[in-house]
Amino acid sequence: MSAKYEATVTAPVNIAVIKYWGKRDSALILPTNSSLSVTLSQDHLSTRTTIRASPDFGKDRLWLNGVEEDIAASKRLINSITTARNLRAALEQKLLSEGAPAETVVPLSKWSLHVCSENNFPTAAGLASSASGYAALVKALGVLFDLPQSTSDLSRVARVGSGSACRSMFGGFVAWQAGVSDDGHDSFAVQVADRQHWPELQALILVASDKKKAISSTAGMQTTVETSELFAERVRSVVPKRMEAMQRAIAERDFGTFAEITMRDSNQFHAVCLDTYPPISYMNDISRSIVSLVHAFNAARGRVAAAYTYDAGPNAVIYALKDDMRDLVELVTYCFPRDDSTLLEAFYPNSFAIF
Ligand code: 2P0
């Protein structure tokens, strides 16, 4: 039997508090602005990917949640795998040129791959999986190929699969620096702080709808770049200041500032979507009532004790510190009762509540 080489990794989901929306280069996935996210717990939300390489495999193949996908139909998959393979080829070349015996340098860059990827969160939850999916793919390729590149370097490879994936290469608090270059060498993710830096911070996911979104992020952001006047203002004068203020708030564990910027940035992202022509509307009536509920909760506390944020869909992610989260979960279950409240309890504190 031929030798088989294999790697298994997991990668987490991240939720942006300063949103990425807009590309200046669609092929290389270079964003118009920097963004910042919080990585969620891998126990509840992550992708687990195994990659095996063998000289006996006839071609690259990929199974997603048990169903085979056509790799050839996805330019992004091809881009990520090819970029990682090129790094491996360069490594093999370097080892050989440094005098390593040929039999010790396994020609993995020339072998075909079998990729098996599974999400540990229900597809019905309607949560984006491209970030954890591409991050897991690239992490696994990095381990399998024994690549010497740093995590930030590898985040560039994840980025060419899906922009937000570069942030899922790290845990904790992560910034994606937009960069200014045409080749994307300066557009990568860096860890701002690790998870232990702020252990009291918790996230609650409220699933308002499990329907697939009508307009994909990729298509939506392109139309925004082309048509929204508000968007240009956001990129030019709002995001740079917020990136600085947010990093300061995280460094100082200043929840009030963290929360206010998070809500304002979510609101502005959705305002920019509405300013797109034709307009894009991702939030629904339940999303909007959760916004009101969070503001009412904060007003009752006399401080900013919770923050909502919404991506390209109606589901809310709420951030709060541990003590406030306990009360907020009670309030949410009271205002949005459901029969199967055990689901919420079971996953607390990194909860799902499905309406
Ligand atoms: C974010 N979103 O920062 C923002 C907020 C959605 C709203 O990243 O085209 O799936 O693959 O680069 O990464 C969604 O965009 O888009 C996204 P592509 P991606 O999390």
Legend entry - Matching residues, the stretch 50-68, being out of contact with any helix residue (DSSP H, G or I) (no Cβ under 6 Å at 6 or more places or on another chain), closer than 19 Å to residue 111 by Cα and not hydrophobic (A, V, I, L, M, F, W, C): 50, 52, 54, 55, 56, 58, 59, 61
Inset, instruction - Please go through the stretch 190-214 and pick out each residue that is touching a helix residue (DSSP H, G or I) at 6+ places or on another chain (Cβ under 8 Å) and either under 30 Å from residue 279 (Cα atoms) or aromatic (Phe, Trp, Tyr) (or both). - result: 198, 204, 205, 206, 207, 208, 209, 210
Inset, instruction - Check off (1) of a type in the set (A, V, I, L, M, F, W, C); (2) out of contact with any strand residue (DSSP E or B) (no Cβ under 6 Å at 6 or more places or on another chain); (3) away from the ligand (no atom under 12 Å from the Cβ) for residue 63 and give me the number that stays unchecked. - result: (2)
Inset, instruction - Just need a number here: residues in the stretch 287-316 that are in contact with a strand residue (DSSP E or B) (Cβ under 8 Å, 6 or more places away or on another chain), assigned to a helix (DSSP H, G or I) and of a type outside the set (S, T, N, Q). - result: 4
Legend entry - Checking residue 146 against (1) within 16 Å of the ligand (Cβ to nearest atom); (2) acidic (Asp, Glu); (3) outside any helix (DSSP H, G or I), the condition it does not meet: (1)
Inset, instruction - Out of the residues in the stretch 182-214 that are in contact with a Leu (Cβ under 8 Å, 6 or more places away or on another chain) and among the small types (Gly, Ala, Ser), state the one that is farthest from residue 33 (Cα to Cα). - result: 203
Inset, instruction - Those residues that are away from the ligand (no atom under 14 Å from the Cβ) and of a type in the set (S, T, N, Q), I need them from the stretch 149-198; list them, please. - result: 149, 150, 151, 152, 181, 191, 196
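With the condition kept exactly as written, say whether any residue in the stretch 49-57 is part of a loop (DSSP other than H, G, I, E, B), within 16 Å of the ligand (Cβ to nearest atom) and surrounded by fewer than 17 Cβ atoms within 10 Å (Cβ to Cβ).
Checking the stretch 49-57: not a single residue is part of a loop (DSSP other than H, G, I, E, B), within 16 Å of the ligand (Cβ to nearest atom) and surrounded by fewer than 17 Cβ atoms within 10 Å (Cβ to Cβ).
Considering only the stretch 1-48, give the strands (runs of 3 or more DSSP E) lying wholly within it that have at least 2 residues that are within 21 Å of residue 79 (Cα to Cα) and in contact (Cβ under 8 Å) with a residue 12 or more places away in the chain.
Per the criteria, 5-12, 23-25.
Just so you know, all these numbers are worked out from the coordinates, no wet-lab data involved. Keep in mind the model is a prediction, meaning the values are calculated, not measured. Cβ coordinates were reconstructed from backbone atoms using ideal geometry, including for glycine residues, and neighbour counts include every protein chain displayed.
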